[in-house]
1. Of A289, A308, A278, which residue is surrounded by 20 or more Cβ atoms within 10 Å (Cβ to Cβ), over 22 Å from L111 (Cα atoms) and at pLDDT 85 or above?
2. Please pick out the residue among I63, I29 that is of a type in the set (A, V, I, L, M), at pLDDT 80 or above and touching a helix residue (DSSP H, G or I) at 6+ places or on another chain (Cβ under 9 Å).
3. Give me the pairs: first residue in the range 204-215 and farther than 13 Å from L237 by Cα, second residue at pLDDT below 95, beta-carbon distance under 6 Å, and six or more apart or on different chains, which are they?
4. Could you tell me which residue of the range 214-252 is farthest from L277 (Cα to Cα), considering only residues that are surrounded by 15 or more Cβ atoms within 10 Å (Cβ to Cβ) and among the aromatic types (F, W, Y)?
5. In the range 187-204, is there at least one residue being at positive phi, modelled with pLDDT under 90 and under 23 Å from the mean Cα position of the chain (by Cα)?
6. From the list A355, A320, pick out the single residue that is closer than 22 Å to A135 by Cα, modelled with pLDDT of 85 or more and assigned to a helix (DSSP H, G or I).
7. Mind telling me which of the residues L111, L133, L128 ends up being surrounded by 20 or more Cβ atoms within 10 Å (Cβ to Cβ) and over 19 Å from the mean Cα position of the chain (by Cα)?
8. Against the definition (at pLDDT below 75 and more than 27 Å from L35 (Cβ to Cβ)), how does V94 come out, yes or no?
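The values are calculated or read from the model by the stated rules, or taken from the named source; none is laboratory data. If you're wondering where the values come from, they're calculated on a predicted model, not measured in any experiment. All Cβ positions, even for glycine, are placed from backbone atoms using ideal geometry, and neighbour counts span all protein chains on display.
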Amino acid sequence: MSVTSVIMALAGIVLVGAILKPFSILVGIPRSGLLVLLGFVCSEIITGAGYDTGLRWYQFRDIVFYGIIPLLVFNTAFQLELDVLRKNLAAVLVFALPIRVLSALLIAVCLFFGINHSSGFPFLVALLLGGILTATDPDNLIERLNLHENNTRLCVILRAESLLNDVVAIMFFSLLLTLILMTGELPSLGAIVAQFLWISIGGVIFGVLAAKISTWVLRFTNHEASKNTLLLANAYLVFIVADKFLAISGVAATLVFGLMISRIKSEKLSVPLFATLAEILSVLLFFIAGMTVTLALFSDRWRAILLAIFATLSARFISAYIFSAAVYLSGNQVHRVSKHERSILGASGTPGAVALALALSLPVELPGWYTVQAAVYGVVVFSMFLQTPIWGARISRLESVK
């Protein structure tokens, strides 16, 4: 395929993504779901006509991991309302860290005993799958319920929780994948914890240093385009340098970098620019994911998919109730979670772009990799076509009768 053909194809996908935005609101299905469906249909038509698209899921590992995730993480961190986040930081940390660890364990236990195949699907692989499925993406429900205006506090909590979930999920994924594929004797629990702390703290420190240097450099230019170009380049460099060369968490470094830079975004920094670029990459990700989906993936592993859907839904709603109870027992009347908000918290825990990216990153050497990938795809498809539309409509009705 020529360069011009590739550029035309990419431009066409982005154009269709823009057109699908209002249509998705009309039909009540997230645009990401429509893009996956469109990618799947296009792939079936092309292959049905006797052509090979040349697309294989394993080809997108580095493209997705190093080309899409850095900007998605940076954009989300950059757009967070820091004043609202500071007031609700304790709630976000509780919901995103200990409760999410509990969710991953619940999912892992359910799938491990449900599949009941310890050699082909060992517990560590089930735990890896549980970690992937905790990488949530609440944007579809936020957009459906217009939480930007209706409930800014809940919107910030969901986005910050999702951001931290993604960071922890990616770090957990990398560490656990290394342990599973290790051929020699496994390190002690203390060594594993020390390694996790090193990559986490190292990523945070590197992100702080990168933000300090970038802030200093920004003082020497008043040109908006130059400022935005510098930050965009640094977002990628921070991620890649930390992950590839320093062996620390690139996603943690990018998260901290984005949060610190967001404090100066009033100084001629274009929030819409980063949001637009992130949207373009998201459109391409979901369309390409649809082109890599096959019906055999669902028919071969339908039992694992159903178990994963049940486990993910159950873990999320259990987490929402535990979180509500923790806030209630703390005696904090200001941040008390209402029944309506608890429903939104429970319905918003759907895996999205990061979960798909991690599923595309699985090596074939991993025991049960096909089952893990099928389960992730199944839960993502279920959340886009059933969970978000149904729960979004239900919560909207409850709001209208309040």
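1. On the way: A289 fails: at pLDDT 85 or above; A308 fails: over 22 Å from L111 (Cα atoms).
After ruling out the rest, the residue left standing is A278.
2. On the way: I63 fails: at pLDDT 80 or above.
I29 is the lone residue from the list that is of a type in the set (A, V, I, L, M), at pLDDT 80 or above and touching a helix residue (DSSP H, G or I) at 6+ places or on another chain (Cβ under 9 Å).
3. Close Cβ pairs (under 6 Å, with a partner that is at pLDDT below 95) amount to V204/A252; V204/V256; V208/V256.
4. Filtering the range 214-252 for residues that are surrounded by 15 or more Cβ atoms within 10 Å (Cβ to Cβ) and among the aromatic types (F, W, Y), the one farthest from L277 (Cα to Cα) comes out as F239.
5. First, pick out the residues of the range 187-204 that are at positive phi: none.
Checked the range 187-204: no residue is at positive phi, modelled with pLDDT under 90 and under 23 Å from the mean Cα position of the chain (by Cα).
6. Values: A320 fails: modelled with pLDDT of 85 or more.
Within the list A355, A320, the selection yields A355.
7. Values: L133 fails: over 19 Å from the mean Cα position of the chain (by Cα); L128 fails: over 19 Å from the mean Cα position of the chain (by Cα).
L111 is the lone residue from the list that is surrounded by 20 or more Cβ atoms within 10 Å (Cβ to Cβ) and over 19 Å from the mean Cα position of the chain (by Cα).
8. Values: at pLDDT below 75: yes; more than 27 Å from L35 (Cβ to Cβ): yes.
The answer is yes for V94.
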